[in-house]
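*Asks:* Structure below; questions to follow.
The values are calculated or read from the model by the stated rules, or taken from the named source; none is laboratory data. Model, not experiment: these values are computed from the prediction. Note that we place each Cβ from the backbone using ideal geometry, even for glycine, and neighbour counts take in every protein chain shown. For accessibility, only protein heavy atoms count, side chains too; no ligands or nucleic acids. Shrake-Rupley method; radii C 1.70, N 1.55, O 1.52, S 1.80 Å.
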Amino acid sequence: MSETPRTQSEAETYQRLRSHLAFLKLADAAAALPQVLDEARAETLSMVEGLEKLLAVEVTAVEERKLTARLRFACLPAPWRLADFDYSAQPGLDEALIRELATLRFIDEGANVLFIGPPGVGKTMLAVGLARATAEAGHRAYFTTAADLAARCRKAAIEGRWATMMRFYAGPKLLVLDELGYLTLAADAAAALFQVINTRYTNGSSTLITTNVGIGTWATAFGDDPIVAAAMLDRLLHRGVVVGIDGPSYRLRSHQARAEALRAGIEVSPHANR
Ligand code: ADP
Ligand code: MG
(Lines give C-alpha, C1' and ligand atoms only; values in the text may rest on other atoms or scores of the structure.)
(Ligands and ions follow the chains in the order given, each with its own letter.)
Protein backbone atom coordinates (compact mmCIF):
# COMPACT_ATOMS: atom_id res chain seq x y z
CA MET A 1 0.00 0.00 0.00
CA SER A 2 1.30 3.43 -0.86
CA GLU A 3 2.03 5.99 1.82
CA THR A 4 -0.97 8.20 2.44
CA PRO A 5 -0.70 11.11 4.85
CA ARG A 6 -3.31 10.72 7.58
CA THR A 7 -4.08 14.29 8.54
CA GLN A 8 -4.31 17.61 6.76
CA SER A 9 -1.12 18.92 8.42
CA GLU A 10 0.71 15.67 7.65
CA ALA A 11 -0.31 16.05 4.01
CA GLU A 12 0.98 19.62 3.97
CA THR A 13 4.29 18.61 5.54
CA TYR A 14 4.62 15.84 2.97
CA GLN A 15 4.02 18.31 0.13
CA ARG A 16 6.59 20.70 1.59
CA LEU A 17 9.12 17.85 1.82
CA ARG A 18 8.48 17.04 -1.84
CA SER A 19 9.00 20.64 -2.85
CA HIS A 20 12.21 20.84 -0.77
CA LEU A 21 13.53 17.81 -2.65
CA ALA A 22 12.49 19.34 -5.98
CA PHE A 23 14.05 22.71 -5.05
CA LEU A 24 17.32 20.95 -4.17
CA LYS A 25 17.08 18.99 -7.44
CA LEU A 26 17.13 15.67 -5.59
CA ALA A 27 14.91 14.09 -8.23
CA ASP A 28 15.77 10.50 -7.44
CA ALA A 29 15.17 10.96 -3.72
CA ALA A 30 11.85 12.65 -4.55
CA ALA A 31 10.84 9.72 -6.75
CA ALA A 32 11.82 7.22 -4.05
CA LEU A 33 10.10 9.13 -1.23
CA PRO A 34 6.76 7.26 -1.16
CA GLN A 35 8.48 3.88 -1.16
CA VAL A 36 11.01 4.86 1.49
CA LEU A 37 8.20 6.22 3.69
CA ASP A 38 6.32 2.94 3.26
CA GLU A 39 9.42 0.99 4.22
CA ALA A 40 10.10 3.29 7.16
CA ARG A 41 6.58 2.66 8.45
CA ALA A 42 6.60 -1.09 7.77
CA GLU A 43 9.98 -1.63 9.36
CA THR A 44 9.49 1.08 12.00
CA LEU A 45 12.73 2.76 11.03
CA SER A 46 14.17 5.59 13.08
CA MET A 47 14.38 9.01 11.46
CA VAL A 48 18.15 8.57 11.00
CA GLU A 49 17.59 5.24 9.25
CA GLY A 50 14.83 6.63 7.05
CA LEU A 51 16.84 9.70 6.04
CA GLU A 52 19.86 7.52 5.32
CA LYS A 53 17.75 5.27 3.07
CA LEU A 54 16.32 8.23 1.19
CA LEU A 55 19.63 10.01 0.64
CA ALA A 56 21.39 6.76 -0.28
CA VAL A 57 19.00 6.53 -3.25
CA GLU A 58 20.10 9.97 -4.42
CA VAL A 59 23.80 9.30 -3.82
CA THR A 60 23.67 6.05 -5.82
CA ALA A 61 21.90 7.78 -8.72
CA VAL A 62 24.37 10.69 -8.76
CA GLU A 63 27.33 8.30 -8.62
CA GLU A 64 25.92 6.36 -11.57
CA ARG A 65 25.44 9.54 -13.58
CA LYS A 66 28.97 10.71 -12.80
CA LEU A 67 30.43 7.36 -13.81
CA THR A 68 28.48 7.43 -17.07
CA ALA A 69 29.83 10.93 -17.73
CA ARG A 70 33.41 9.87 -16.94
CA LEU A 71 33.11 6.88 -19.25
CA ARG A 72 31.69 9.05 -22.02
CA PHE A 73 34.54 11.53 -21.52
CA ALA A 74 37.13 8.72 -21.61
CA CYS A 75 36.34 7.88 -25.29
CA LEU A 76 37.23 4.21 -24.85
CA PRO A 77 37.23 2.48 -28.25
CA ALA A 78 35.91 -0.82 -26.88
CA PRO A 79 34.09 -2.13 -23.79
CA TRP A 80 37.09 -4.21 -22.70
CA ARG A 81 37.73 -4.89 -19.04
CA LEU A 82 40.86 -6.09 -17.30
CA ALA A 83 38.90 -9.05 -15.96
CA ASP A 84 38.36 -10.29 -19.53
CA PHE A 85 42.07 -10.46 -20.27
CA ASP A 86 43.18 -14.07 -20.74
CA TYR A 87 46.65 -14.37 -19.20
CA SER A 88 47.09 -17.91 -20.46
CA ALA A 89 47.06 -16.56 -24.01
CA GLN A 90 50.08 -14.38 -23.16
CA PRO A 91 52.34 -16.58 -21.01
CA GLY A 92 55.37 -14.29 -21.37
CA LEU A 93 53.49 -11.40 -19.78
CA ASP A 94 54.21 -10.54 -16.14
CA GLU A 95 50.73 -11.19 -14.72
CA ALA A 96 51.68 -9.96 -11.25
CA LEU A 97 52.76 -6.64 -12.75
CA ILE A 98 49.43 -6.20 -14.57
CA ARG A 99 47.55 -7.04 -11.37
CA GLU A 100 49.68 -4.48 -9.55
CA LEU A 101 48.80 -1.88 -12.21
CA ALA A 102 45.14 -2.84 -11.79
CA THR A 103 45.28 -1.62 -8.18
CA LEU A 104 45.80 1.86 -9.75
CA ARG A 105 48.52 2.68 -7.24
CA PHE A 106 50.56 3.89 -10.21
CA ILE A 107 48.02 6.68 -10.72
CA ASP A 108 48.43 7.93 -7.17
CA GLU A 109 52.17 7.89 -7.70
CA GLY A 110 51.93 9.63 -11.08
CA ALA A 111 53.87 6.79 -12.66
CA ASN A 112 53.84 6.21 -16.40
CA VAL A 113 53.24 2.91 -18.14
CA LEU A 114 54.68 1.74 -21.42
CA PHE A 115 53.25 -1.33 -23.15
CA ILE A 116 55.70 -2.43 -25.82
CA GLY A 117 55.01 -5.24 -28.26
CA PRO A 118 53.99 -6.28 -31.76
CA PRO A 119 50.38 -6.00 -33.01
CA GLY A 120 47.63 -8.17 -31.57
CA VAL A 121 49.15 -9.00 -28.19
CA GLY A 122 46.57 -7.10 -26.11
CA LYS A 123 48.29 -3.75 -25.55
CA THR A 124 45.19 -1.71 -26.39
CA MET A 125 42.96 -4.10 -24.45
CA LEU A 126 45.04 -3.67 -21.28
CA ALA A 127 45.21 0.11 -21.79
CA VAL A 128 41.41 0.30 -22.20
CA GLY A 129 40.93 -1.95 -19.16
CA LEU A 130 43.13 0.30 -17.02
CA ALA A 131 41.42 3.46 -18.29
CA ARG A 132 38.00 1.99 -17.49
CA ALA A 133 39.17 0.97 -14.02
CA THR A 134 40.45 4.51 -13.51
CA ALA A 135 37.07 5.98 -14.47
CA GLU A 136 35.30 3.48 -12.23
CA ALA A 137 37.58 4.49 -9.36
CA GLY A 138 36.33 8.06 -9.72
CA HIS A 139 39.19 9.61 -11.69
CA ARG A 140 39.18 11.12 -15.15
CA ALA A 141 40.79 9.01 -17.85
CA TYR A 142 41.12 9.87 -21.53
CA PHE A 143 41.98 7.55 -24.39
CA THR A 144 43.41 8.73 -27.69
CA THR A 145 45.87 7.58 -30.30
CA ALA A 146 49.21 9.27 -30.84
CA ALA A 147 48.19 10.04 -34.44
CA ASP A 148 44.94 11.68 -33.27
CA LEU A 149 46.75 13.74 -30.66
CA ALA A 150 49.23 14.91 -33.28
CA ALA A 151 46.44 15.86 -35.71
CA ARG A 152 44.46 17.73 -33.07
CA CYS A 153 47.50 19.63 -31.82
CA ARG A 154 48.36 20.67 -35.36
CA LYS A 155 44.80 21.91 -35.93
CA ALA A 156 44.82 23.71 -32.58
CA ALA A 157 48.11 25.44 -33.45
CA ILE A 158 46.64 26.68 -36.74
CA GLU A 159 43.46 27.90 -35.03
CA GLY A 160 45.32 29.58 -32.17
CA ARG A 161 44.00 27.15 -29.55
CA TRP A 162 47.33 25.62 -28.59
CA ALA A 163 47.19 26.55 -24.89
CA THR A 164 43.61 25.29 -24.55
CA MET A 165 44.56 22.03 -26.21
CA MET A 166 47.54 21.57 -23.90
CA ARG A 167 45.34 22.26 -20.86
CA PHE A 168 42.94 19.61 -22.10
CA TYR A 169 45.62 16.94 -22.40
CA ALA A 170 47.11 17.93 -19.05
CA GLY A 171 43.76 17.46 -17.26
CA PRO A 172 42.94 13.76 -17.00
CA LYS A 173 44.46 11.71 -14.19
CA LEU A 174 45.30 9.06 -16.79
CA LEU A 175 46.01 9.78 -20.43
CA VAL A 176 46.28 6.78 -22.77
CA LEU A 177 48.28 7.36 -25.93
CA ASP A 178 47.68 4.34 -28.11
CA GLU A 179 49.78 3.25 -31.05
CA LEU A 180 52.78 5.49 -30.68
CA GLY A 181 55.27 4.70 -33.40
CA TYR A 182 52.82 3.10 -35.87
CA LEU A 183 53.19 6.24 -37.96
CA THR A 184 56.28 8.40 -38.10
CA LEU A 185 55.53 11.73 -36.56
CA ALA A 186 56.34 15.02 -38.21
CA ALA A 187 58.58 17.33 -36.22
CA ASP A 188 55.68 19.53 -35.00
CA ALA A 189 53.71 16.44 -33.91
CA ALA A 190 56.70 15.09 -32.02
CA ALA A 191 57.09 18.48 -30.33
CA ALA A 192 53.38 18.50 -29.35
CA LEU A 193 53.70 15.00 -27.97
CA PHE A 194 56.75 15.99 -25.99
CA GLN A 195 54.98 18.98 -24.52
CA VAL A 196 52.01 16.86 -23.45
CA ILE A 197 54.24 14.26 -21.85
CA ASN A 198 56.41 16.88 -20.17
CA THR A 199 53.45 18.84 -18.78
CA ARG A 200 51.91 15.67 -17.39
CA TYR A 201 55.23 14.58 -15.97
CA THR A 202 55.60 17.93 -14.21
CA ASN A 203 52.01 17.70 -12.86
CA GLY A 204 52.59 14.16 -11.63
CA SER A 205 49.80 12.72 -13.83
CA SER A 206 50.16 9.27 -15.37
CA THR A 207 50.50 8.68 -19.08
CA LEU A 208 50.05 5.20 -20.52
CA ILE A 209 51.61 4.60 -23.91
CA THR A 210 51.27 1.58 -26.16
CA THR A 211 53.87 1.17 -28.86
CA ASN A 212 55.34 -1.37 -31.23
CA VAL A 213 58.69 0.40 -31.12
CA GLY A 214 61.33 -0.91 -28.73
CA ILE A 215 62.93 1.78 -26.58
CA GLY A 216 66.26 1.30 -28.32
CA THR A 217 64.88 2.60 -31.63
CA TRP A 218 62.78 5.48 -30.25
CA ALA A 219 65.38 7.99 -31.33
CA THR A 220 64.74 7.35 -35.01
CA ALA A 221 61.02 6.59 -34.73
CA PHE A 222 59.79 9.97 -33.51
CA GLY A 223 60.16 12.83 -35.89
CA ASP A 224 63.70 11.75 -36.63
CA ASP A 225 64.81 13.90 -33.72
CA PRO A 226 66.90 11.87 -31.29
CA ILE A 227 67.01 14.73 -28.77
CA VAL A 228 63.20 15.01 -28.50
CA ALA A 229 62.92 11.23 -28.32
CA ALA A 230 65.54 11.04 -25.59
CA ALA A 231 63.89 13.86 -23.61
CA MET A 232 60.51 12.12 -23.94
CA LEU A 233 61.91 8.79 -22.79
CA ASP A 234 63.64 10.51 -19.90
CA ARG A 235 60.29 11.89 -18.64
CA LEU A 236 58.45 8.64 -19.29
CA LEU A 237 60.94 6.34 -17.65
CA HIS A 238 61.86 8.45 -14.64
CA ARG A 239 58.64 7.31 -12.96
CA GLY A 240 57.76 4.56 -15.36
CA VAL A 241 56.87 0.91 -15.70
CA VAL A 242 57.86 -0.81 -18.92
CA VAL A 243 55.83 -3.87 -19.81
CA GLY A 244 57.06 -5.96 -22.70
CA ILE A 245 54.38 -8.07 -24.35
CA ASP A 246 55.81 -10.12 -27.16
CA GLY A 247 53.90 -13.39 -27.12
CA PRO A 248 51.62 -14.65 -29.87
CA SER A 249 49.10 -12.34 -31.52
CA TYR A 250 45.62 -12.88 -30.14
CA ARG A 251 44.14 -11.58 -33.37
CA LEU A 252 45.91 -14.31 -35.33
CA ARG A 253 44.87 -17.08 -32.96
CA SER A 254 41.86 -18.13 -34.97
CA HIS A 255 43.91 -17.98 -38.15
CA GLN A 256 46.57 -20.14 -36.51
CA ALA A 257 43.96 -22.62 -35.31
CA ARG A 258 42.48 -22.76 -38.80
CA ALA A 259 45.91 -23.18 -40.36
CA GLU A 260 46.73 -25.97 -37.94
CA ALA A 261 43.42 -27.69 -38.62
CA LEU A 262 44.14 -27.41 -42.32
CA ARG A 263 47.62 -28.82 -41.88
CA ALA A 264 46.22 -31.64 -39.74
CA GLY A 265 43.63 -32.27 -42.46
CA ILE A 266 46.36 -32.51 -45.08
CA GLU A 267 48.32 -34.92 -42.93
CA VAL A 268 45.25 -37.01 -42.17
CA SER A 269 43.91 -37.23 -45.72
CA PRO A 270 46.54 -39.63 -47.16
CA HIS A 271 45.72 -42.08 -44.37
CA ALA A 272 42.05 -41.59 -45.03
CA ASN A 273 42.60 -42.52 -48.67
CA ARG A 274 44.25 -45.81 -47.83
P1 ADP B 1 47.29 -4.69 -29.72
O2 ADP B 1 46.82 -3.38 -29.22
O3 ADP B 1 48.47 -5.23 -28.97
O4 ADP B 1 47.51 -4.70 -31.21
P5 ADP B 1 44.64 -5.51 -28.98
O6 ADP B 1 44.62 -5.11 -27.54
O7 ADP B 1 43.93 -4.63 -29.92
O8 ADP B 1 46.14 -5.75 -29.46
O9 ADP B 1 44.08 -6.99 -29.08
C10 ADP B 1 43.62 -7.52 -30.31
C11 ADP B 1 42.35 -8.31 -30.08
O12 ADP B 1 42.63 -9.50 -29.35
C13 ADP B 1 41.32 -7.56 -29.28
O14 ADP B 1 40.03 -7.92 -29.71
C15 ADP B 1 41.55 -8.04 -27.86
O16 ADP B 1 40.38 -7.98 -27.10
C17 ADP B 1 41.98 -9.47 -28.08
N18 ADP B 1 42.96 -9.91 -27.10
C19 ADP B 1 44.30 -9.72 -27.18
N20 ADP B 1 44.93 -10.30 -26.16
C21 ADP B 1 43.99 -10.89 -25.42
C22 ADP B 1 44.01 -11.68 -24.21
N23 ADP B 1 45.15 -12.00 -23.59
N24 ADP B 1 42.84 -12.12 -23.72
C25 ADP B 1 41.68 -11.82 -24.35
N26 ADP B 1 41.59 -11.09 -25.49
C27 ADP B 1 42.71 -10.64 -26.02
MG1 MG C 1 46.45 -1.70 -30.30
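*Asks:* In debye, nearest 20, what is the charge dipole magnitude of the chain about its Cα centre with +1 on Lys and Arg Cβ and -1 on Asp and Glu Cβ, if you could check?
*Replies:* 660
*Asks:* While we're looking at this one, here's another question. Please state the shape class of segment 1-118: rounded when a/c is under 1.5, otherwise prolate if a/b exceeds b/c and oblate if not, all from the C-alpha gyration tensor.
*Replies:* The shape class here is prolate.
*Asks:* Just to verify a number: what accessible area does Arg70 come out at with the full protein assembly present, 1.4 Å probe, Å² rounded to tens?
*Replies:* 50
*Asks:* In a solvent-free Debye calculation with one equal scatterer on each Cα, what is log10 I(q)/I(0) for segment 115-162 at q = 0.19, 0.29, 0.33 Å⁻¹, listed in the order of the q values?
*Replies:* Here log10 of I(q) over I(0) equals -0.77, -0.98, -1.09.
*Asks:* Summing Lys, Arg as +1 and Asp, Glu as -1, what charge do residues with Cβ under 15 Å from the Cβ of Trp218 carry, Trp218 excluded?
*Replies:* -3
*Asks:* For the pair Asp38 and Gln15, what calculated FRET efficiency results from E = 1/(1 + (r/R0)^6), where r is the Cβ-Cβ distance and R0 = 22 Å, to the nearest 0.05?
*Replies:* Efficiency for this residue pair is about 0.80.
*Asks:* Which sequence of Ile98, Ile158 reflects their accessible areas, 1.4 Å probe, from the largest down?
*Replies:* Result, largest first: Ile158, Ile98.
*Asks:* Quick check: residue separation of Arg161 and Ser46 times 0.36 nm, minus the Cα distance between them. What number comes out in nm?
*Replies:* Full extension of this stretch gives 35.8 nm more.
*Asks:* Mind listing the phi-derived Karplus ³J(HN,Hα) values for segment 57-74, rounded to whole Hz, using 6.51, -1.76 and 1.60 with θ = phi - 60°, and x for any glycine or proline?
*Replies:* 4, 5, 4, 4, 5, 5, 4, 4, 5, 5, 5, 4, 5, 5, 5, 5, 4, 5
*Asks:* Heavy atoms only, probe 1.4 angstrom, no DNA, RNA or ligands counted: give me His255, His139 ranked by accessible area, highest first.
*Replies:* Descending order: His255, His139.
*Asks:* Using Cα pairs under 8 angstrom and six or more residues apart, how large is the relative contact order of the chain, in percent?
*Replies:* Taking the mean separation of contacting Cα pairs over the length of the chain, I get 21 percent.
*Asks:* At a probe radius of 1.4 Å, what is the per-residue accessible area of Arg258, in Å² to the nearest 10?
*Replies:* For Arg258, solvent-accessible area is about 140 Å².
*Asks:* How would Glu52, Glu39 rank on accessible area, largest to smallest, probe 1.4 Å?
*Replies:* Solvent-accessible surface, decreasing: Glu52, Glu39.
*Asks:* Sticking with this one: In nm, to one decimal, how far is the Cys75 label point from the Arg6 one, both placed 7 Å along Cα→Cβ?
*Replies:* 6.0
*Asks:* While we're here: Return the whole-Å distance between the Cα centroid of segment 145-175 and the Cα centroid of segment 13-38.
*Replies:* 44
*Asks:* Sticking with this one: What would the Debye equation give as log₁₀ I(q)/I(0) for segment 76-157 at q = 0.21, 0.23, 0.25 Å⁻¹, counting only Cα atoms as equal point scatterers?
*Replies:* -1.09, -1.24, -1.37
*Asks:* Another question, then. For Ala83 and Thr217, calculate 0.36 nm times their separation in residues minus their Cα-Cα distance, and state this gained length in nm to one decimal.
*Replies:* 45.0 nm
*Asks:* Let me ask you something else. Per 10 Å bin from zero, what fraction in whole % of the C-alpha pairs of the chain is there, up to the bin with the longest pair?
*Replies:* With a bin width of 10 Å, the distribution comes to 6, 22, 23, 15, 13, 12, 7, 2, 1, 0.
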